[in-house]
1. So, in region 113-144, how many residues would count as being touching an Asp or Glu at 6+ places or on another chain (Cβ under 8 Å) and among the small types (Gly, Ala, Ser)?
2. Within region 146-157, track down each residue that is within 15 Å of VAL66 (Cα to Cα) and outside any helix (DSSP H, G or I).
3. Just give me the residues in region 158-179 being touching a Gly at 6+ places or on another chain (Cβ under 9 Å) and not in a loop (DSSP other than H, G, I, E, B), in sequence order.
4. Considering only region 226-267, give the strands (runs of 3 or more DSSP E) lying wholly within it that have at least 2 residues that are under 17 Å from ALA208 (Cα atoms) and either in contact with a Pro (Cβ under 8 Å, 6 or more places away or on another chain) or of a type in the set (Ser, Thr, Tyr) (or both).
5. When you go through (1) of a type in the set (Ser, Thr, Tyr); (2) exposed (fewer than 13 other Cβ atoms within 10 Å of the Cβ); (3) within 23 Å of ARG167 (Cα to Cα) one by one for TYR230, which number turns out not to apply?
6. Do we find that THR298 is within 14 Å of ALA220 (Cα to Cα), in contact with a Pro (Cβ under 6 Å, 6 or more places away or on another chain) and not aromatic (Phe, Trp, Tyr) in this structure?
7. Can you tell me which residue in region 116-130 is surrounded by the fewest Cβ atoms within 10 Å (Cβ to Cβ), limited to those that are in contact (Cβ under 8 Å) with a residue 60 or more places away in the chain and outside any strand (DSSP E or B)?
8. Within region 300-338, track down each residue that is without any contact (Cβ under 8 Å) to a residue 40 or more places away in the chain and surrounded by fewer than 19 Cβ atoms within 10 Å (Cβ to Cβ).
Amino acid sequence: MSRTVRRSRHFTVPSLAALALALTACGNVSQGDERGDTSGSSAGAYPVEVTNCGREVRVAAPPERVVSLHPSITELLIQLGVGDRVVAQAQHTLGEPSPELAAEVDAIPSISADSPPDKETLISQAPDLVLSGTEYEFNTEMGFAGYDDLDALGTASYVAAGGCVERRSEGSVEDVFTDLEFLGRVFGVEERAAELESTARAELADSAATVAGTPPVRAAQVYVEGGKLYAIGGAIEIDLLRRAGGVSVFDDDDGLFSDFFSAEVSPEAVLAEDPEAFVFSVNSPEHEKETVDYLTSTFAETAAVREGRLVAVDDTFVQPGTLSSVEGVRVVAEGLHG
């Protein structure tokens, strides 16, 4: 039986293979590796200038017309108390909102359901700030508005720190704190941003204390889709696993993840590691059942299946630009050590 905590969400996500292809395409996507230097401007002063994904981002005045291109960003803005500045959201079916935020999220008009809006649709909103979870949303070869398109209109654009192309494989749960600092200054809500960060850091400290002194659990972080098995070797998922008292069986990957943080693997490769636990993200109850059925039938002889350590978490817990990953640490820790 899998151990799952989810927040009554039903959503779909792009396949890992499709995401890898999109992120490595030749569209107008920065290849910079800087998450975000927010030291360039004094608090409460404009313009606010930061380095984001290797680009210089300049917000000249308090934003009044914001477009959020991912549910994780929409929730973060509401948590900061600036949801009234969001004139449109996109990709809303990628994640139902947390119950306590549902009314506010649902009140924001949506301009696309399960993929980023096309260039014309986004521009028609006349935004002064566009916020995104990853650089994928600005890929011009996919028909989306690129950085240059928005710059030409005087529209600032910002990507969650953990969603920068060169940062994606090394992502950390704490990357969201960079986003909180930026958004706090941009919207003049530094105190609220600091409160959210303080609460999140306290929760992370509690999780760390819970697993302190316990032997790390050898876990296979995987993703199952369409009968294919993918190993996860980087990104927020691995940082979350380590904070939860686990260690990845794919740490010695021999270059498996040199191109992307996920790679398709054979069942035999996983069986050879005999993991003590499987940790995997799911995007619906149906996807969870599919994954659990696959893992239990394919890896029946592993310690993980024998001991029932199949730990499922919502895909939203491992998205860039979300505070939910802090909760994800607790969920995985409970699944590994409970």
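1. Of the residues in that region, 1 qualify.
2. Hits for region 146-157 are LEU153, GLY154, THR155, ALA156, SER157.
3. TYR158, VAL159, ALA161, GLY162, GLY163, ARG168, SER169, GLU170, ASP175, VAL176, THR178, ASP179
4. Passing ranges, in order: 246-248.
5. Single failed check for TYR230: (2).
6. yes
7. ALA126
8. ALA300, GLU301, ALA303, ARG306, GLU307
The values are calculated or read from the model by the stated rules, or taken from the named source; none is laboratory data. Note that the coordinates shown come from a computational prediction; the quantities given were computed from them, not determined experimentally. Cβ coordinates were reconstructed from backbone atoms using ideal geometry, including for glycine residues, and neighbour counts include every protein chain displayed.
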